[in-house]
Amino acid sequence: MKTSILAVAAAVALFTSPVHAQKLQLSHNAAPGNPKSDASLLFAKLVAEKTEGRVQIEVGGSAQFGEDAEALTNMRLGTMAFSANSQGTTSGVVPEIAVLGLPFLFQDLPQAWKVVDGPVGETIRKAADPRGLVVLAYWDNGIRHTSNNVRPIEKPADLAGIKIRTPPDPMTVDIFKALGANPTPLAFSELYIALQQGVVDGQENPLINIHSSKLHEVQKYISLTSHKYETTVLLASKVIFNTFSDKDKEAVRAAALEAGEFNRKRSLNDEIELRKTIEATGVRFNEVDTGPFVEKTKPVYDLWRAKFPDLVDLVVKEAAAAKQ
């Protein structure tokens, strides 16, 4: 009898051992030390803990597992499990998410978080599902500013003729066209060299991305335009997610939210200190009166309201309510 019990115990231990875990991959394009990178590593750790080793995640940062667009394709095919993906790239598959980047929509990060955690975020979540993607959480990718090597950007006319790298994102392209710049979509992993070699004059990103990817090394001016917000959407492959038990689905969602809280706090705290750090390297910062920029980008709202009238109205309404 004792031998039989031991045999059963051994069989149970073997079945529940991490040897039988689903070993999956998470892709993102951020550099080490970026809040997206650190949150992805924390998410992997939490998933392993909360699923008792049944789901194990290998994180591939700095586009190690491919660019964001490739990750989206692979998730929809079921050959990649997770991605902490860029808002702009995700909009190529889930165009509704682009409305979060309407120009000058949010004044600060907490206001943006209230909106993405409410009806707007739920609308985007529902839009992603039939496209083979599961929105696990909305992490943070900051409010974006403009850097370049030509001149400080103090008024919209200062952008005339400047070649600005943007993500492959129609919203950002529309914003910089409205401002009179020459927007040039380019993969983030190619940006440092493009700036170094003068392929583009400038770019737009939150300070945390500029610093962690060392873009300030190849830029002279940073103008605090605060022209748009972006989320980092943590996505799962619907094909793979549906293979999880209900218990493990719940565990993965909980890990995503917990890692997201960490990500948001890091993003908020880092933004405060990074200006001093970057300025110390010799990069020149300037404040911006956003009024003229807001006026120049009003047509962008009309463009996107024609595509998603109800969603644009909803996000504008929710953003106004989140100020209070």
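The alpha-carbon of residue 114 sits under 18 angstrom from the alpha-carbons of these aspartates and glutamates, leaving out residues fewer than 8 places away in its chain: 96, 122, 140, 230, 258, 261, 313, 318.
Length gained on full extension, residue 70 to residue 286: 74.1 nm, using 0.36 nm per residue less the C-alpha separation.
Global dimensions of the stretch 198-324 from alpha-carbon coordinates: Rg and Dmax equal 19.3, 53 Å.
For residue 224 and residue 320, the FRET efficiency from 1/(1 + (r/R0)^6), where r spans their Cβ atoms and R0 equals 22 Å, is about 0.45. Using 1/(1 + (r/R0)^6) with R0 = 22 angstrom and r between the beta carbons of residue 273 and residue 192, what's the FRET efficiency to the nearest 0.05? After rounding to 0.05, the efficiency reads 0.50. Between 269, 29, 148, the residue with the greatest mean-square fluctuation in the GNM of the chain (Cα pairs under 10 Å linked by springs) is 269.
Scanning residues 5 or more positions from residue 232 or on other chains, those with amide H under 5 Å from its amide H are 139, 140, 141, with H placed 1.01 Å from N in the peptide plane.
So what is the relative contact order for the chain, in percent, with contacts set as C-alpha pairs under 8 Å and at least six apart?
25
Neighbour counts of C-beta atoms inside 10 Å place 297, 184, 231, 243 in the sequence 243, 184, 297, 231, starting with the fewest.
Per-residue 3J(HN,Hα) values for the stretch 90-101, derived from phi via the Karplus relation 6.51 cos²θ - 1.76 cosθ + 1.60 with θ = phi - 60°, read 4, 5, x, 10, 10, x, 4, 5, 4, 5, 5, x Hz in sequence order (x marks Gly and Pro).
Using the Karplus relation 6.51 cos²θ - 1.76 cosθ + 1.60 with θ = phi - 60°, the per-residue 3J(HN,Hα) values for the stretch 181-188 come to 7, 10, x, 10, x, 7, 4, 4 Hz, with x marking Gly and Pro.
Mean residue ellipticity at 222 nm, helices only, the chain: -14000 deg cm²/dmol; runs of at least 4 DSSP H residues each add -39,500 (n - 2.57), and the sum is divided by the number of residues. Relative to the 2.2 N^0.38 Å rule of thumb, the chain has a C-alpha radius of gyration ratio of 1.07.
Legend: residue pairs 45/249; 36/276; 23/238; 220/276; 163/220, Cα-Cα distance threshold 19 Å; pairs beyond threshold, 36/276.
Bear in mind these aren't lab numbers, they're just calculated from the coordinates by the rules spelled out. As the structure is a computational prediction, the values presented were derived from the model and not from experiment. Here the Cβ is made from the backbone with ideal geometry for all residues, glycine too, and neighbour counts use every protein chain on show.
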